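Visitor: Quick one: the structure is below, and I'll ask about it shortly.
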Amino acid sequence: MTNQGIGQSVRRKEDFRFITGQGHYTDDINRPGQLYAYFHRSPHAFAKIKSINTDAARKMPGVVAVYTGKDVAVDKVGGLICGWTVKDKKGEPHKAPRHDIIAIDHVRHVGDQVAVVIARSLGEARDAAEAIEVDYDVLTPVVDVVTALQPGAPEVHADAPGNLCYDWDFGDKAATEAAFAKAAHVTKIDLVNNRLSPNPMEPRSAIGEYEPGTDQTTVYTTSQNPHVIRLILCAFVFGLPEHKVRVIAPDVGGGFGSKIFNYAEETVCVWAARKLKKPVKWTSDRTEAFLTDAHGRDHVTHAELAMDKDGKFLGFRVETKANMGAYLSTFASAVPTYLYALLLAGQYTTPAIYAEVKAVFTNTTPVDAYRGAGRPEATYVVERIVEAAARELKIDPAELRRRNFVPDDAFPYQTPVACVYDSGQYAKALDEALKMSDYAGFKQRKAEAAKKGKLRGIGLCAYIEACGIAPSAVVGSLGAGVGLWESAQIRFNATGSVFVHTGSHSHGQGHETTFAQIVSDRLGVPLESIEVVHGDTALVPMGMGTYGSRSLAVGGSAIMRAADKIIDKGKKIAAHLMEASVDDVAYDKGVFSVKGTDKQVPMAQIAFTAYVPHNYPADLEPGLEASAFYDPANFTFPAGVHVAEVEIDSDTGVTRVVNWVAVDDFGKVVNPMIVEGQVHGGIAQGVGQALLEGVVYDPKSGQLLTASFNDYCMPRADDLPSYKVGMIETPCPHNPLGVKGCGEAGAIAAPAALMNAITDALGTEKINMPATPQNVWRVIQSQNLAAAAE
Amino acid sequence: MTISVTITVNGQPETRDVEPRTLLVQFLREHLQLTGTHVGCDTSQCGACVVHVDGKSVKACTILAAQAQGAKVTTIEGLAADGKLHPMQEAFREHHALQCGFCTPGMIMSAVDLAQRNPNPSEETVRHELEGNLCRCTGYHNIVKAVMAGAQAMRG
């Protein structure tokens, strides 16, 4: 038992089915009589639909139906919704123009759905989709936020004048201006946070199914939060009762945020299945994924940091333009606001902060939460400007950070941007990271690299993030349409094995192991006797799903609550069996005992007695199961320091990451192996953003130029280094496990650390992500030209 | 129009009438219900569909089923022999070289072929050889460790 509980690197329970090819992903599932959907998509970024001719397509072999937006409209299907209403500077709600599941009069980005073919085979559906003729009146598109905000720019929606979704601000403007007025030094920076495609390896997929006999609708879908999808489909899109709709998210091959949202395709499958009374399946191909999976980031930011003569931060102001794409996705509005500006204090005591954010519609794929969601963007701004300030002031970047850290004895710490940081040891993480990266030896390494003609740079990032989203009352007051608690249910079987039902969803995070470890640790049940069940609204109590590194902090806490209820009931049964008073029964790791005696009863016997209650307390219900819901008291704030070191070949512009150190404080760690894996993956996505990845639209035509893995550069094994991962543990004080959240940290920390290393090597701040060899080479050439001119 | 294709898959001869345009990966997934071989892209970049054709790793989305006529194909489902996991499968589990599991079958099949050709690969070799297999979850760190350990275990 001792090697299976909290704190142990237990090997994952879920792995056997994956390494033997026996996982069940949505596209692996086929239903009897299933039909296939294939979408005809807009080739234009912006156009008015004049007419659609589906006659030829309808006559093609195997075609069962061809539907357009007008067919959907006849059934009064609701549009896709945004579930978080942000209020602008004047208190007005954001603009959320209607988002039809199949376009009716306009298409607003390349890939917008224009029609769907339902056929007996995928090949037949695809062939027929090509036979659909659409007459467009092509309009001039706008793809970037700066152009979209200019007077006279094309308007993506008639009901969002000037393409403005909202003009929002946060923080104390007057206090921040006063801070700048007394500053000894002000550092300014302009940054672009490049648009990314999440690219989980499993493309999205859905099957809609309808049984007329029971009036039951079933949806298999690649979702991070099946209950949220059910809620949206029932309450907003179709007006169906929730008890007649079952959403199943089976094995899901990665999400990174992109599988949180309710999408048009799964919705069309449900609608068509109900109409045709046959299962309807759709699976995205990779180009469709690039065109339709919600993208991430895409900010343009100007920031200024005011300091006194010693480099103490006095004030920070940030102006950001955030690209929303063509429609407002499910949680898009919250990302550049409450998940962004509230993190702008970073790890520092900056007393006055003011942020202004304009959210902008463009003729591009919708943008929403992607690994980190707002927090990587905030960290990128804070940590780039802090590093730039250190260079301007000629203070060591580590020392400048240290001077401004929230001190260990200041927790709980109220920032000027609403957050109350729960706990942390920022200087300790920095010290450890500097030691592990041999920061002191860098100058010598730089000199040695210079002898080989290489430019070597080192960069730090001291990140903070808010995880465990979230106290429901808090997010409700900020505009969220849902509560953000989590559910759990522990069900003992008579012979002692256990089902753990969680409202969280695992799509790579290893919940089946981590959650089982918690239950094993708390209830003394062997790991192999525990089955974690998730992802099916018919099996699991209403839950809110997995995103924002919340599963363990919120979902795990719910499991702890349920375990406590099991123990409470177990004590009553144990007291009866041992003929003792309940108050005299002690419990420890699966064993009930009578205090001060050698009498004891194991959990398995309690479970058996609960289901075979022949000798049982008269006033107690049989059975041993407990449900719990957990609504967190606060966010929890993981933090840490990453150090990146690079070598740049000045002839080719190729950047090689030669060293990576991460020191993270995730509070209590349940499974270090899994947590380190999460850190590795996060760093890889952050390195991808900084070095390789970027969604590119042609500014004139609005065509997506990066619509396949040929054109969008995903990090590959030989692009990346091995990572050195260290951890410190400052437990979260307000949840029962003391845990914080680890899923997004790497993606939050890595871009700033790496760009700080690259700008250190190049000697200029003026380079944007991704720092591709071409971009780096251009900077080096322009510097050489400038040097030659002097 | 259909054509008859016979392929020996995991030791079992399988004959199916298929559309001529059927890819090997579709033959495996849709006609034989061997869904362990995955499809992650349309441009033969991601490697989720790697299987062995006559002992060599091949992206099953790059060839037609008809081109594999008469060939011996091994998929992830056929890798474990006599109910015992292949050493590379064991290494992936031991070193936490998978998270969501979607790239894993292709990654393991590539790794087995790699180790057969390079019984003692360096980290650099492993990283270079795995260029044709994308993983979005692990950052490759643990995959590289697992492949080196798996190769060692295969040496025996």
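Visitor: Out of segment A:425-441, which residues are charged (D, E, K, R) and buried (at least 18 other Cβ atoms within 10 Å of the Cβ)? Steps first, answer last, please.
Guide: Of segment A:425-441, the ones charged (D, E, K, R) are A:428, A:431-432, A:435, A:438.
A:E432, the sole residue that qualifies.
Visitor: With the checklist (1) over 15 Å from B:N133 (Cβ atoms); (2) part of a strand (DSSP E or B) in hand, flag the one item B:H52 doesn't pass.
Guide: Condition (1) is where B:H52 drops out.
Visitor: Based on what the data block shows, is A:I81 under 32 Å from the mean Cα position of the chain (by Cα), among the β-branched types (V, I, T) and closer than 30 Å to A:V360 by Cβ?
Guide: Numbers: under 32 Å from the mean Cα position of the chain (by Cα): yes; among the β-branched types (V, I, T): yes; closer than 30 Å to A:V360 by Cβ: yes.
Yes, satisfied.
Visitor: Here is a check on your reading of the model: is B:A71 at pLDDT 95 or above and touching a helix residue (DSSP H, G or I) at 6+ places or on another chain (Cβ under 8 Å)? Give the derivation first.
Guide: Working: at pLDDT 95 or above: yes; touching a helix residue (DSSP H, G or I) at 6+ places or on another chain (Cβ under 8 Å): no.
It is false that B:A71 is at pLDDT 95 or above and touching a helix residue (DSSP H, G or I) at 6+ places or on another chain (Cβ under 8 Å).
Visitor: Okay, next question. Would a scan of segment A:436-444 turn up a residue that is within 34 Å of the chain's Cα centre (by Cα), at positive phi and part of a loop (DSSP other than H, G, I, E, B)?
Guide: yes
Visitor: Among the residues that make up segment A:531-549, is at least one of them in contact with an Asp or Glu (Cβ under 7 Å, 6 or more places away or on another chain) and either among the hydroxyl-bearing types (S, T, Y) or modelled with pLDDT under 95 (or both)?
Guide: The initial filter retains those residues of segment A:531-549 that are in contact with an Asp or Glu (Cβ under 7 Å, 6 or more places away or on another chain), namely A:532, A:543-544, A:549.
With either among the hydroxyl-bearing types (S, T, Y) or modelled with pLDDT under 95 (or both) added as a condition, the list becomes A:549.
The answer is yes, given that some residue of segment A:531-549 is in contact with an Asp or Glu (Cβ under 7 Å, 6 or more places away or on another chain) and either among the hydroxyl-bearing types (S, T, Y) or modelled with pLDDT under 95 (or both).
Visitor: Okay, moving on. Counting just the residues of segment A:15-33 that are part of a loop (DSSP other than H, G, I, E, B) and of a type in the set (V, I, T), which one comes out nearest to B:A48 (Cα to Cα)?
Guide: The first filter runs over segment A:15-33 and keeps only residues part of a loop (DSSP other than H, G, I, E, B), leaving A:20-24, A:29-33.
Checking which are of a type in the set (V, I, T) leaves us with A:20, A:29.
Working: A:T20: 14, A:I29: 18 Å.
Within segment A:15-33, the match that is nearest to B:A48 (Cα to Cα) is A:T20.
Every residue, every condition in (1) buried (at least 22 other Cβ atoms within 10 Å of the Cβ); (2) aliphatic (A, V, I, L, M), yes or no:
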residue: A:K275; (1), (2): no, no
residue: A:V280; (1), (2): yes, yes
residue: A:G296; (1), (2): yes, no
residue: A:F313; (1), (2): yes, no
residue: A:R317; (1), (2): yes, no
residue: A:L339; (1), (2): yes, yes
residue: A:Q347; (1), (2): yes, no
residue: A:P351; (1), (2): no, no
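Visitor: Let me ask another. Do you know which of the residues in segment A:695-709 that are on the phi < 0 side of the Ramachandran plot and either buried (at least 22 other Cβ atoms within 10 Å of the Cβ) or hydrophobic (A, V, I, L, M, F, W, C) (or both) is farthest from the other protein chains (Cβ to nearest Cβ)?
Guide: Pass one, segment A:695-709, residues on the phi < 0 side of the Ramachandran plot: A:695-701, A:703-709.
Checking the rest, the ones that are also either buried (at least 22 other Cβ atoms within 10 Å of the Cβ) or hydrophobic (A, V, I, L, M, F, W, C) (or both) come to A:695-697, A:704-705, A:707, A:709.
Values: A:V695: 15, A:V696: 17, A:Y697: 19, A:L704: 14, A:L705: 15, A:A707: 10, A:F709: 4 Å.
Across segment A:695-709, the extreme among qualifying residues is A:Y697.
Visitor: Further, regarding this structure: Looking at this structure, is A:T706 in a loop (DSSP other than H, G, I, E, B), more than 28 Å from A:S506 (Cα to Cα) and over 21 Å from the mean Cα position of the chain (by Cα)?
Guide: On the way: in a loop (DSSP other than H, G, I, E, B): yes; more than 28 Å from A:S506 (Cα to Cα): yes; over 21 Å from the mean Cα position of the chain (by Cα): yes.
It is true that A:T706 is in a loop (DSSP other than H, G, I, E, B), more than 28 Å from A:S506 (Cα to Cα) and over 21 Å from the mean Cα position of the chain (by Cα).
Visitor: Quick check on segment A:70-81. Is at least one of its residues in contact with a strand residue (DSSP E or B) (Cβ under 8 Å, 6 or more places away or on another chain) and either buried (at least 16 other Cβ atoms within 10 Å of the Cβ) or within 14 Å of chain B (Cβ to nearest Cβ) (or both)?
Guide: So in segment A:70-81, the residues in contact with a strand residue (DSSP E or B) (Cβ under 8 Å, 6 or more places away or on another chain) come out as none.
There is no residue in segment A:70-81 that is in contact with a strand residue (DSSP E or B) (Cβ under 8 Å, 6 or more places away or on another chain) and either buried (at least 16 other Cβ atoms within 10 Å of the Cβ) or within 14 Å of chain B (Cβ to nearest Cβ) (or both).
Visitor: Could you count how many residues in segment A:650-681 are of a type outside the set (K, R) and more than 20 Å from A:I458 (Cβ to Cβ)?
Guide: Of the residues in segment A:650-681, 17 are of a type outside the set (K, R) and more than 20 Å from A:I458 (Cβ to Cβ).
Visitor: Let me ask another. Looking at A:R98, A:R108 in this structure, which one is modelled with pLDDT of 95 or more, surrounded by 21 or more Cβ atoms within 10 Å (Cβ to Cβ) and of a type in the set (K, R)? Break it down stepwise before answering.
Guide: Values: A:R98 fails: surrounded by 21 or more Cβ atoms within 10 Å (Cβ to Cβ).
Residue meeting the stated conditions: A:R108.
Visitor: Something else now. Quick one: how many residues across segment A:632-665 are buried (at least 24 other Cβ atoms within 10 Å of the Cβ), more than 20 Å from the chain's Cα centre (by Cα) and of a type in the set (D, E, K, R)?
Guide: Residues in segment A:632-665 being buried (at least 24 other Cβ atoms within 10 Å of the Cβ), more than 20 Å from the chain's Cα centre (by Cα) and of a type in the set (D, E, K, R): 1 in total.
Visitor: So is A:K454 surrounded by fewer than 18 Cβ atoms within 10 Å (Cβ to Cβ), modelled with pLDDT of 95 or more and over 20 Å from the mean Cα position of the chain (by Cα) or not? Give the steps one after another, and end with the answer.
Guide: Values: surrounded by fewer than 18 Cβ atoms within 10 Å (Cβ to Cβ): no; modelled with pLDDT of 95 or more: yes; over 20 Å from the mean Cα position of the chain (by Cα): yes.
Answer is no for this residue.
Visitor: Inspect all residues belonging to segment A:357-371 and state whether any of them is crowded, with 24+ Cβ neighbours inside 10 Å, part of a helix (DSSP H, G or I) and of a type in the set (K, R).
Guide: Looking through segment A:357-371, none of the residues is crowded, with 24+ Cβ neighbours inside 10 Å, part of a helix (DSSP H, G or I) and of a type in the set (K, R).
Visitor: Looking at A:L339, A:L328, A:L393, can you tell me which residue is under 16 Å from the mean Cα position of the chain (by Cα) and hydrophobic (A, V, I, L, M, F, W, C)?
Guide: Values: A:L328 fails: under 16 Å from the mean Cα position of the chain (by Cα); A:L393 fails: under 16 Å from the mean Cα position of the chain (by Cα).
Answer to the check: A:L339.
Visitor: Looking at (1) within 19 Å of B:V18 (Cβ to Cβ); (2) in contact (Cβ under 8 Å) with a residue 24 or more places away in the chain, which is the only condition B:K56 fails?
Guide: Status for B:K56: all satisfied but (1).
Visitor: Output the number of the condition that A:P61 fails; it satisfies all remaining conditions of (1) away from every other protein chain (no Cβ under 14 Å); (2) assigned to a loop (DSSP other than H, G, I, E, B).
Guide: In the conditions (1) away from every other protein chain (no Cβ under 14 Å); (2) assigned to a loop (DSSP other than H, G, I, E, B), A:P61 misses (1) alone.
Visitor: How many residues does segment A:660-687 contain that are away from every other protein chain (no Cβ under 11 Å) and either out of contact with any helix residue (DSSP H, G or I) (no Cβ under 9 Å at 6 or more places or on another chain) or closer than 18 Å to A:Q4 by Cα (or both)?
Guide: Going through segment A:660-687 one residue at a time, the tally reaches 3.
Visitor: Could you list, in sequence order, all residues of segment B:8-58 that are buried (at least 19 other Cβ atoms within 10 Å of the Cβ), of a type outside the set (A, V, I, L, M), more than 10 Å from chain A (Cβ to nearest Cβ) and within 30 Å of A:L291 (Cα to Cα)?
Guide: B:F27, B:C49
Visitor: Now a separate question. Going through segment A:710-760 one residue at a time, which ones are facing another protein chain (nearest Cβ under 10 Å), part of a loop (DSSP other than H, G, I, E, B) and farther than 15 Å from A:V643 by Cβ?
Guide: Hits for segment A:710-760 are A:N710, A:D711, A:Y712, A:M714, A:P715, A:R716, A:L720.
Visitor: Of A:K724, A:K740, which residue is at pLDDT 95 or above, touching a strand residue (DSSP E or B) at 6+ places or on another chain (Cβ under 6 Å) and crowded, with 16+ Cβ neighbours inside 10 Å?
Guide: Values: A:K724 fails: crowded, with 16+ Cβ neighbours inside 10 Å.
Of A:K724, A:K740, the one residue that is at pLDDT 95 or above, touching a strand residue (DSSP E or B) at 6+ places or on another chain (Cβ under 6 Å) and crowded, with 16+ Cβ neighbours inside 10 Å is A:K740.
Visitor: Just for helices (runs of 4 or more DSSP H) wholly inside segment B:80-156: which have at least 2 residues that are over 30 Å from A:Y370 (Cβ atoms), more than 7 Å from chain A (Cβ to nearest Cβ) and in contact (Cβ under 8 Å) with a residue 60 or more places away in the chain? I'd like the intermediate steps shown before the answer.
Guide: Values: elements: B:87-94, B:104-117, B:123-129, B:141-155.
Those helices (runs of 4 or more DSSP H) span B:87-94, B:104-117, B:141-155.
Visitor: When you go through A:V219, A:V156 one by one, which is the residue that is touching a strand residue (DSSP E or B) at 6+ places or on another chain (Cβ under 7 Å), buried (at least 24 other Cβ atoms within 10 Å of the Cβ), part of a loop (DSSP other than H, G, I, E, B) and away from every other protein chain (no Cβ under 14 Å)?
Guide: Every option except A:V156 fails the conditions.
Visitor: Also, I was wondering about something else. May I ask you to list pairs of residues, at least six apart or on different chains, whose Cβ atoms are under 7 Å apart, with the first in segment A:27-52 being under 30 Å from A:Y220 (Cβ atoms) and within 14 Å of chain B (Cβ to nearest Cβ) and the second being in a strand (DSSP E or B) and charged (D, E, K, R)?
Guide: A:R31/A:E209; A:Q34/A:K281; A:Y36/A:K281
Visitor: Looking at (1) out of contact with any strand residue (DSSP E or B) (no Cβ under 7 Å at 6 or more places or on another chain); (2) more than 14 Å from chain B (Cβ to nearest Cβ); (3) on the phi > 0 side of the Ramachandran plot, can you tell me which one A:D298 breaks?
Guide: (1)
Visitor: I would also like to ask the following. Does segment A:723-734 include one or more residues that are farther than 25 Å from A:P200 by Cα and in contact with a Leu (Cβ under 9 Å, 6 or more places away or on another chain)?
Guide: Within segment A:723-734, the subset farther than 25 Å from A:P200 by Cα is A:726-734.
Going one step further and asking which of them are in contact with a Leu (Cβ under 9 Å, 6 or more places away or on another chain), we end up with A:731.
Yes; the residues of segment A:723-734 include at least one that is farther than 25 Å from A:P200 by Cα and in contact with a Leu (Cβ under 9 Å, 6 or more places away or on another chain).
Visitor: To continue, here is another question. Give the residues of segment A:7-16 that are free of Cβ contacts under 8 Å to residues at least 60 places away in the same chain and more than 7 Å from chain B (Cβ to nearest Cβ), sorted by residue number. Even if it seems obvious, please write down each step before you answer.
Guide: Keep residues of segment A:7-16 that are free of Cβ contacts under 8 Å to residues at least 60 places away in the same chain, which gives A:15-16.
Correct list: A:F16 only.
The values are calculated or read from the model by the stated rules, or taken from the named source; none is laboratory data. Since this is a predicted model, take the numbers as computed values, not measurements. When we count neighbours, we look across all protein chains shown, and the Cβ atoms used for this are built from the backbone with ideal geometry, even at glycine.
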